[in-house]
């Protein structure tokens with residue numbers, strides 16, 4: 001149990017480092033990012049990844065799991081009736097890929113990500129491993145949700161992520177629970193098909209857990225993921241609920257993006 005809290009403290013340091021690096025960007029680039037965020041999403045279609053976790057926490061005290069006021073949402077002016085937003089956008093690839101890949105950026109506590117989960121599950125099942133699918137979760141800068149990242153990465157190492165992903169969403173949103181100890185987390189993973197002893201071993205592997213979380217943070221920073229959920233295809237195209245039109249249409253856009261010319265084939 002001690003180890004899991006040590007990892008959580010390390011996770012907080014990684015989050016702080018990530019946000020410090022982003023804060024060092026020029027004011028002009030930051031302003032451009034904010035304008036892009038405002039243009040990309042309405043008030044209730046995404047959850048913002050805070051630029052300053054400490055400020056966000058003091059600004060929005062989170063009690064229990066009432067998400068009606070737990071995360072900040074950006075407002076934007078209504079678009080003109082004749083203005084149509086493209087269903088996805090092209091971005092500069094920051095990573096090389098040898099085969100097609102779909103990457104989802106999300107947070108387990110994010111209600112909009114939970115809205116998208118049924119469509120994601122259906123697409124993963126239909127895809128049946130033909131296209132690599134990578135889950136990249138964030139805690140939105142909230143330390144109380146850091147344990148979800150640990151359980152996520154442990155599930156991935158144990159080969160039970162496909163069952164654990166929906167179960168984590170349900171635990172947070174339906175059961176209103178997190179995890180109080182490594183043993184409780186291991187019991188949860190065992191219910192998803194993992195061996196409990198092996199789950200405890202993985203959860204307590206501090207170095208491996210921190211490396212996985214750091215890798216995800218670095219990818220989010222490179223692609224300037226400022227709100228979730230977002231789904232990226234082949235490191236070259238990206239969409240979200242607003243751009244796609246609705247949660248049910250996001251993975252229809254994913255299939256469209258997979259058919260586009262890219263450097264992964």
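Taking residue 206 as meeting all but one of (1) more than 29 Å from residue 127 (Cα to Cα); (2) at pLDDT below 95; (3) buried (at least 21 other Cβ atoms within 10 Å of the Cβ), write down the number of the exception.
It fails just one condition, (3).
Just give me the residues in region 166-188 being without any contact (Cβ under 8 Å) to a residue 40 or more places away in the chain and farther than 19 Å from residue 144 by Cα, in sequence order.
Across region 166-188, the qualifying residue is only 187.
Pull out all pairs, ordered by first then second residue, where Cβ-Cβ is under 8 Å, the residues are six or more apart or on different chains, the first lies in region 232-250 and is more than 14 Å from residue 89 (Cα to Cα), and the second is modelled with pLDDT of 95 or more and buried (at least 20 other Cβ atoms within 10 Å of the Cβ).
Sorted first by the residue in region 232-250, then by its partner, the pairs are 247/112; 247/116; 247/119; 247/241; 248/119.
Which count do you get for residues in region 136-166 that are touching a strand residue (DSSP E or B) at 6+ places or on another chain (Cβ under 9 Å) and surrounded by fewer than 16 Cβ atoms within 10 Å (Cβ to Cβ)?
0
Count, please, the residues in region 81-123 that happen to be touching a helix residue (DSSP H, G or I) at 6+ places or on another chain (Cβ under 7 Å), closer than 17 Å to residue 247 by Cα, assigned to a loop (DSSP other than H, G, I, E, B) and at pLDDT 95 or above.
The total comes to 5.
Could you grab me the full set of residues in region 167-183 that are more than 24 Å from residue 111 (Cα to Cα) and surrounded by fewer than 19 Cβ atoms within 10 Å (Cβ to Cβ)? Reasoning before the result, please.
Residues of region 167-183 that are more than 24 Å from residue 111 (Cα to Cα), as a first pass: 181-183.
Once the filter is applied, which keeps residues that are more than 24 Å from residue 111 (Cα to Cα) and surrounded by fewer than 19 Cβ atoms within 10 Å (Cβ to Cβ), region 167-183 yields 181, 183.
All but one of (1) part of a helix (DSSP H, G or I); (2) touching a residue at least 12 places away in the same chain (Cβ under 8 Å) hold for residue 126; which doesn't?
Status for residue 126: all satisfied but (2).
The values are calculated or read from the model by the stated rules, or taken from the named source; none is laboratory data. All figures in this text were calculated on a predicted structure; none of them were measured in a lab. Note that each Cβ is placed from the backbone with ideal geometry, even for glycine, and that neighbours are counted across all protein chains shown.
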